[in-house]
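Notes for the one structure printed next.
The values are calculated or read from the model by the stated rules, or taken from the named source; none is laboratory data. These numbers were taken from a predicted model, which means no experiment stands behind them. Don't worry about glycine lacking a Cβ; one is built from the backbone with ideal geometry, like all the others, and counts go over all protein chains shown. Side chains included, ligands, DNA and RNA excluded: accessible areas come from the protein's heavy atoms. Shrake-Rupley method; radii C 1.70, N 1.55, O 1.52, S 1.80 Å.
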Amino acid sequence: MSEKACQVLIIGGGPAGMSAARAALAGGAQVVLLEAGDALGGQFWRHLPESRKGGEEQVLHHKWRHFNTVQRELRDDPGCEVVLGAHVWAIERPDGGQAPAVHVMVGPPDGADREPRTYLPQSIIFATGGQERTLPFPGWDLPGVYTAGAAQALAKGERVAVGQRVLVAGAGPFLLPVVTSLIRTGATVIGVAEASGWKRLAKGWLSRPWELAATRSKAGELGGYLREMVHHRVPYRAGTTVIAAHGEESVESVTLARLDADWKPVPGTQRRVEVDAVCVSHGFVPRTELALTVGCTVDAHGFVVVDDQQRTSVENVFCAGELTGIGGVDLALAEGEIAGATAAGTQPRASVVKARNVFRAFAERLQTAHGIRPGWQTWPEPGTTLCRCEDVTVGEVREVAAATQARGLRSLKLTTRAGLGPCQGRTCGRNTEEILSSCGLLDPGRTARRPIAIPVRLGELAATTSSQREETP
Amino acid sequence: MRGPRRLPAEQDPVRPKDSGPVTITVDGESLSGLQGQSIAGVLMGNGRQSWRRSPRTGRPRGVFCGIGVCFDCLLTVNDIPDVRACQRRAGEGDVITTQEASDV
Ligand code: FES
């Protein structure tokens, strides 16, 4: 197993990580950029593989030219090592100020004979991004119900449309680019259902308009998606959501209902719509498991707390992008640049610090206009799946919580098995936490805490320890 | 027509390069896709929506998150179990067994 010292190690090759790498290089640092996939770009710039490279891929992308420029710069810079297929599975932090050891398996995802490597960086920048949060409703685990991100990944990375007659539902402006991608992949989008009502949308987006003027590129991005929707006559319904999906082996129809301000369905407003796919995203949660293993402090919403230079509570550890709050690509690029410059021991540009502050305000608006409301807990029925991996229902979790008065998420997890399947609670964690806290079980333990960040095969682990032994004289 | 579908290259505004075909075997049946597609992409490009069952109630599972987070899409690739179909590129001649087949 190889061990390698480096100055700045960046984990995550999306917009924030790429931007961080570029800034750290500009500051004279020697950089290693780890990306789990086999291309840079992250979910935002997810694209076709080199062998199928599109002549017009910009039709699916925002800031596509910027992506290509930065990618080229990183490839050409001898101070930058980009490692693709790099799956970080553990980070050790020795006592006494030594460099942390970042353990990585390099090779195809879930492969059995990947190459183990260890990096010993002076600074680490986490740019591991976010993932969608989908709230449970009856039938949400039927095939044909996808996260909006899955629809994007399949459209941008495969040119596969998830269905022919598709409804997009959930909350937030990130639903809009999904509509564009689906249309440009040959699907018909029959509508967008936004859970927040017009009143709340207006409060979030129309107050203090002079601040929004500063986020021109964001407005331009969203405006483009809106024009596309209008052009294709895709109806946009505010204060509406999918509260059930129906079908035997896959989705055949969904029930839409109007929601009140708390996201409780308004009685008498339900109607059925025929679809063959539905894409649902109610918000985003940060992928903090690695940041948590090194002890970074998180706030009440689970985001990593950073200072003005993107420093976390742990010395020489930085975070950028969705880990620190959900704000979209512009915020991720600005935060990455600040983290990279600071990790390299230089001052970030004043203009990018200003940009970050402007886009942070945009992130706050997002929360005001689209943040998840507690009324969602009335959507699931007792038999509705909560944990998809272990088939645990909402009713079972509520019953066990009430019966055992189990204090603490962990003991309750062991009793119900919710969050113990292969995904380790990544999908259901937040939803389980919220249901439990409304059962009176307040647990400070966040489900994102896991000792091993990705599944590693036992054979691979054995290989790591035996090769370590061989190296020791 | 219902369900997932790959947009034929001649209709595609993105104008992808022709990467040539890739053929994999899924539970003994041969399926073709394009070089560079993920295993999930090949399955869905052929109209398949599910290939696994949930452990307790046997509900059908396929792609959900599409980004490697949910582990709904697991299958066996060349005798290696629990590979995420949405993350792994299809290799020429890959032999895939799905849990749906091994359970029967
Ligand atoms: S679809 Fe979620 S991990 Fe593959």
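Summary of values
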quantity: Filter result for residue A:98 (away from chain B (no Cβ under 14 Å), surrounded by 15 or more Cβ atoms within 10 Å (Cβ to Cβ) and over 30 Å from residue B:12 (Cβ atoms)); calculated: no
quantity: Output for segment B:64-104, where each listed residue is within 8 Å of the ligand (Cβ to nearest atom), among the β-branched types (Val, Ile, Thr) and open to solvent by 10 Å² or more (accessible area, probe 1.4 Å); calculated: B:67
quantity: Answer from A:145, A:166 - the residue that is within 11 Å of chain B (Cβ to nearest Cβ) and over 29 Å from residue B:91 (Cα atoms); calculated: A:166
quantity: Count - residues of segment A:109-137 that are in a loop (DSSP other than H, G, I, E, B) and surrounded by fewer than 19 Cβ atoms within 10 Å (Cβ to Cβ); calculated: 3
quantity: Filter pass, residue A:82 being β-branched (Val, Ile, Thr), open to solvent by 10 Å² or more (accessible area, probe 1.4 Å), within 18 Å of residue A:42 (Cα to Cα) and within 14 Å of chain B (Cβ to nearest Cβ); calculated: no
quantity: Selection status of residue A:53, touching a strand residue (DSSP E or B) at 6+ places or on another chain (Cβ under 8 Å) and free of Cβ contacts under 8 Å to residues at least 60 places away in the same chain; calculated: yes
quantity: Failed item in (1) among the hydroxyl-bearing types (Ser, Thr, Tyr); (2) away from the ligand (no atom under 15 Å from the Cβ); (3) open to solvent by less than 20 Å² (accessible area, probe 1.4 Å), with residue B:57 passing the rest; calculated: (3)
quantity: Some residue of segment B:22-39 being facing chain A (nearest Cβ under 10 Å), within 11 Å of the ligand (Cβ to nearest atom), closer than 30 Å to residue A:386 by Cα and buried (at least 21 other Cβ atoms within 10 Å of the Cβ); calculated: yes
quantity: Cross-chain or 6+ apart pairs with Cβ under 9 Å, segment B:48-71 first and more than 7 Å from chain A (Cβ to nearest Cβ), then open to solvent by less than 10 Å² (accessible area, probe 1.4 Å) and of a type in the set (Val, Ile, Thr); calculated: B:48/B:26; B:48/B:42; B:51/B:26; B:51/B:96; B:51/B:98; B:52/B:98
quantity: Residues located in segment A:11-63, provided they are small (Gly, Ala, Ser), within 14 Å of another protein chain (Cβ to nearest Cβ), over 21 Å from residue A:182 (Cβ atoms) and within 16 Å of the chain's Cα centre (by Cα); calculated: A:12, A:13, A:14, A:36, A:37
quantity: Failed item in (1) touching a residue at least 24 places away in the same chain (Cβ under 8 Å); (2) within 10 Å of chain A (Cβ to nearest Cβ), with residue B:93 passing the rest; calculated: (2)
quantity: Leading residue by the ranking (surrounded by the most Cβ atoms within 10 Å (Cβ to Cβ)) among those in segment A:280-299 that are of a type outside the set (Gly, Ala, Ser) and part of a loop (DSSP other than H, G, I, E, B); calculated: A:282
quantity: Residue match in segment A:204-223 (condition: more than 29 Å from residue B:5 (Cβ to Cβ) and among the β-branched types (Val, Ile, Thr)); calculated: yes
quantity: Answer from A:447, A:368 - the residue that is away from the ligand (no atom under 16 Å from the Cβ), touching a Lys or Arg at 6+ places or on another chain (Cβ under 9 Å) and at pLDDT below 85; calculated: A:447
quantity: Cβ pairs under 6 Å, 6+ apart, first in segment A:303-314 and over 16 Å from residue A:289 (Cα atoms), second small (Gly, Ala, Ser) and assigned to a loop (DSSP other than H, G, I, E, B); calculated: A:310/A:320
quantity: Close pairs (6 angstrom Cβ cut-off, 6 or more residues apart or separate chains): in contact (Cβ under 8 Å) with a residue 24 or more places away in the chain in segment A:175-189, surrounded by fewer than 24 Cβ atoms within 10 Å (Cβ to Cβ) and of a type in the set (Lys, Arg) anywhere; calculated: A:188/A:165
quantity: Positions within segment A:241-259 being farther than 15 Å from residue A:166 by Cβ, open to solvent by 10 Å² or more (accessible area, probe 1.4 Å) and not acidic (Asp, Glu), in sequence order; calculated: A:243, A:244, A:246, A:255, A:258, A:259
